[in-house]
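Working notes, beginning with the structure itself.
The values are calculated or read from the model by the stated rules, or taken from the named source; none is laboratory data. It should be emphasised that the depicted structure is a prediction, and the values quoted were computed from it without experimental measurement. Neighbour counts run over all protein chains shown; Cβ positions are idealised from the backbone, glycine included.
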There are 2 protein chains.
Amino acid sequence: MELAEAKVKFIETWGKLGSEWGINRTMAQVHALLLVSPEALTTEEIMETLRISRGNANMTLRDLIGWGLIEKQHKAGERKEYFYADKDTWNIARQVAKERRKRELDPVLKVLEELTQVEGDQNDPAYQTFNKSVTDINKLAKNVDKTLDTMFKAEENWFWGSLFKLFK
Amino acid sequence: MELAEAKVKFIETWGKLGSEWGINRTMAQVHALLLVSPEALTTEEIMETLRISRGNANMTLRDLIGWGLIEKQHKAGERKEYFYADKDTWNIARQVAKERRKRELDPVLKVLEELTQVEGDQNDPAYQTFNKSVTDINKLAKNVDKTLDTMFKAEENWFWGSLFKLFK
DNA sequence: TTAAACTTTCAGTATGTTTTGAAAGTTTAA
DNA sequence: TTAAACTTTCAAAACATACTGAAAGTTTAA
């Protein structure tokens, strides 16, 4: 396979994965493009390569900056803004996990905590079932939350190394 | 908060979480409803409670069965089919992880493996960057894959217990 | 058999999300 | 200043996904 063809395939795959995980396709594709670009790119270049509109490119780039996945770069003597992606995979994974926790897990944990407090008749099967399910899910969610915390603080090698020592 | 109100809130929250994670809202809601129901429910009851159409209920129930999250139950002397959810949170988490790996991670791994094989000029920065990004992501994806494997085989207590011993 | 009870399908509709492109806004150099 | 270079916004259009409901299909009991 040619490099050019491979790049296209990578961008497509990353885009598809993104859309399956609630990140919009274009955002994932722009990210992929910057991941395989040795140099920072301009909005113009991104628009051309992915054949997307100026508006779309602009919004997507702003979103990616918001997610902490890419950064603006100013080149001396140039008016245009350049964008480049952090190429460290571990940082990317951490950044995405962090953002999603904040947006999705945290609010759910809050509701679950509230729902475990609901009181009722201990002999009512409806109450028993509700309570058991909510309590169990809450426990699981808290575990995930703690593990993520550890992940955010950890170095990549330490994290996976420890995990493998453990799991052989 | 009343039990009835709490149930509604649980169903809503679960539905929202589902839709943020690429599982459709109705599917997550039906699952939530069954999770807090001590008895198996009929299609009719589900339709009424969640105010969805017969067609939607039927498709969603089949999907949930496909995901291994709920099962049909036949009651002696009855024509109607009843549905109930596995209430074991650990099983649910495992089941969802298993399905998503099969549907999403596996195909991506296959492409990444292919892309790491692409050959090129070692001195070309474009090739270097492409290769580094793809190789790194491939490594990360493989790690995730292995960890999931361990999770599928593990008992809940052992899994989280080990993780915590490790992470203190 | 047959008809009532129940389940499944699917074309059309509704709803939600993403993208476009032109206009408005901002910055910079002369 | 002013005008060119560039960035941002947003209403409307395109696209994607989910849902409805009536019709077709299946099963069961008598």
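Taking segment A:86-101, which residues are assigned to a loop (DSSP other than H, G, I, E, B) and closer than 18 Å to A:Gln29 by Cβ? Even if it seems obvious, please write down each step before you answer.
Applying the first criterion (assigned to a loop (DSSP other than H, G, I, E, B)) to segment A:86-101 yields A:86-88.
Hits for segment A:86-101 are A:Asp86, A:Lys87.
Filtering segment A:85-116 down to residues that are over 17 Å from the mean Cα position of the chain (by Cα) and more than 21 Å from A:Gly22 (Cα to Cα), which residue is nearest to DNA strand C (Cβ to nearest atom)?
Pass one, segment A:85-116, residues over 17 Å from the mean Cα position of the chain (by Cα): A:108-116.
Among the residues that remain, those that are also more than 21 Å from A:Gly22 (Cα to Cα) are: A:110-116.
Numbers: A:Lys110: 21, A:Val111: 19, A:Leu112: 22, A:Glu113: 26, A:Glu114: 24, A:Leu115: 24, A:Thr116: 28 Å.
The qualifying residue nearest to DNA strand C (Cβ to nearest atom) is A:Val111.
Looking for whichever is among the charged types (D, E, K, R) and modelled with pLDDT under 95 here; the options are A:Glu104, A:Glu114. Which one fits? Give the steps one after another, and end with the answer.
Working: A:Glu114 fails: modelled with pLDDT under 95.
After applying the criteria, what remains is A:Glu104.
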Residue in segment A:109-122 that is out of contact with any Cys (no Cβ under 8 Å at 6 or more places or on another chain), more than 18 Å from B:Leu3 (Cα to Cα) and of a type in the set (Asp, Glu) present: no
Selection from segment B:43-63 of residues that are within 23 Å of B:Ala6 (Cβ to Cβ) and surrounded by fewer than 21 Cβ atoms within 10 Å (Cβ to Cβ): B:Glu45, B:Met47, B:Glu48, B:Thr49, B:Leu50, B:Arg51, B:Ile52
Test: A:Asn143 is farther than 30 Å from A:Ala40 by Cα, out of contact with any Pro (no Cβ under 6 Å at 6 or more places or on another chain), surrounded by 15 or more Cβ atoms within 10 Å (Cβ to Cβ) and not small (Gly, Ala, Ser): yes
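Of the residues A:Ile65, A:Ile52, which is within 11 Å of DNA strand D (Cβ to nearest atom), β-branched (Val, Ile, Thr) and over 15 Å from A:Asp88 (Cα atoms)? Full working, then the answer.
Working: A:Ile52 fails: within 11 Å of DNA strand D (Cβ to nearest atom).
Result of the check over A:Ile65, A:Ile52: A:Ile65.
Looking at B:Lys98, B:Lys87, B:Lys142, B:Lys146, which is the one that is more than 8 Å from chain A (Cβ to nearest Cβ) and over 24 Å from A:Leu35 (Cα atoms)?
Numbers: B:Lys87 fails: more than 8 Å from chain A (Cβ to nearest Cβ); B:Lys142 fails: over 24 Å from A:Leu35 (Cα atoms); B:Lys146 fails: more than 8 Å from chain A (Cβ to nearest Cβ).
The match here is B:Lys98.
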Subset of segment B:106-139 [assigned to a helix (DSSP H, G or I), within 7 Å of another protein chain (Cβ to nearest Cβ) and aliphatic (A, V, I, L, M)]: B:Val108, B:Val111, B:Leu115, B:Ala126, B:Val134, B:Ile137
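Only one of these is within 20 Å of A:Leu115 (Cβ to Cβ), within 11 Å of DNA strand C (Cβ to nearest atom) and surrounded by 16 or more Cβ atoms within 10 Å (Cβ to Cβ): B:Lys16, B:Lys7. Name it.
On the way: B:Lys7 fails: within 11 Å of DNA strand C (Cβ to nearest atom).
Just a single option satisfies the conditions, and that option is B:Lys16.
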Pairs where the first residue, in segment B:150-164, is at pLDDT 80 or above and the second is of a type in the set (Lys, Arg), C-beta under 7 Å, 6+ apart: B:Met151/B:Arg94; B:Phe152/B:Arg94; B:Phe152/B:Lys98
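Does B:Thr60 fit the bill of being more than 12 Å from DNA strand D (Cβ to nearest atom), among the hydroxyl-bearing types (Ser, Thr, Tyr) and more than 14 Å from chain A (Cβ to nearest Cβ)? First the steps, then the outcome.
Details: more than 12 Å from DNA strand D (Cβ to nearest atom): no; among the hydroxyl-bearing types (Ser, Thr, Tyr): yes; more than 14 Å from chain A (Cβ to nearest Cβ): yes.
Here the answer is no, as B:Thr60 does not meet what is asked.
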